Amino acid sequence: MVILPLNERHDRLGFDCGNDDLNHWLVRVAKQHKDKRVSSTYVGVVNEAGAEVLGYYAISIAELANVHLPEPYRKKLPMKVPAFRLGRLAVALSHRGIRIGETLLFDAIERISRIAEDIGGVGLVVNSKPEAVIFYQQYGFKLMPDHPGNLILMI
């Protein structure tokens, strides 16, 4: 699998992760957000020429209030800090169980870590669905005090 920026040849209409909101977002919103520079979407495909979307994620920039960070980081950082947001992460139903979600997450972490080296950013925030909290926690994400579905991975 390779992970590429979403483009016109990727089959967004054929993607089904079992969640209508995530499917709709990929089909109707992802390209608009890219064009407007709101977020960037990356897709997992079999190879460079592949059209079938195995999974995707979207990232954007964010600003966090210090009080929303896990306790150990609050005293070390200013009142508002730059961060990144993992706005969406989804895997096609037909490709579940082969660690595509993990691969996409690692790619997102690596990508934002490189960007943070150049411009700054303290972590990667995700607003998780309740059933996905454990998925993120197993990779080092910590619950944020403001909401039980908000998690952050400090970078």
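We did not get these values from a lab; they are worked out from the coordinates using the rules stated. Please read all numbers here as calculations on a predicted model, not as lab measurements. Neighbour counts are summed over all protein chains in view; Cβ atoms, including those assigned to glycine, are modelled from backbone coordinates with ideal geometry.
Beta bridges per DSSP, both residues in the chain: antiparallel share near 85 percent. Ordering ASN23, ASN150, SER128 by Cα displacement along the dipole of the stretch 2-154 toward the positive end leaves ASN150 in first place; charges were set at the Cβ atoms of Lys, Arg (+1) and Asp, Glu (-1). Of the trypsin sites (Lys or Arg not before Pro) found in the stretch 23-70, those that fall in a DSSP loop while having at most 11 other beta-carbon atoms within 10 Å are LYS36, ARG37. The 3J(HN,Hα) values that the Karplus relation (6.51, -1.76, 1.60; θ = phi - 60°) gives for the stretch 20-26 are, in residue order, 4, 5, 5, 5, 4, 4, 5 Hz. Gly and Pro appear as x. If only the Cβ of Lys and Arg carry +1 and only the Cβ of Asp and Glu carry -1, the dipole of the stretch 2-154 around its Cα centre is close to 440 debye.
Listed by chain and number, the lysines placed with their C-alpha closer than 24 angstrom to that of LYS142 are LYS75, LYS76, LYS80, LYS129; residues fewer than eight positions away on the same chain are left out. Of the trypsin sites (Lys or Arg not before Pro) found in the stretch 40-141, those that fall in a DSSP loop while having at most 14 other beta-carbon atoms within 10 Å are LYS75, LYS76, ARG96, ARG99. Each of the GluC sites (Glu not before Pro) that DSSP puts in a loop and that has at most 11 other Cβ atoms within 10 Å breaks the chain; the longest unbroken stretch is 49-155. Can you pull the percent of Cα pairs in the chain with separation above 19 Å? So the pairs more than 19 Å apart make up 54 percent of the total in the chain.
For the stretch 109-119, backbone phi angles converted through the Karplus equation (6.51, -1.76, 1.60; θ = phi - 60°) give residue-by-residue couplings of 4, 5, 5, 6, 5, 5, 5, 4, 4, 7, 10 Hz, Gly and Pro being listed as x.
In sequence order, the stretch 83-100 has phi-based couplings of 8, 10, 10, 8, x, 8, 8, 8, 10, 4, 3, 6, 10, 6, x, 10, 6, 5 Hz under the Karplus curve 6.51 cos²θ - 1.76 cosθ + 1.60, θ = phi - 60°, and Gly or Pro positions carry x.
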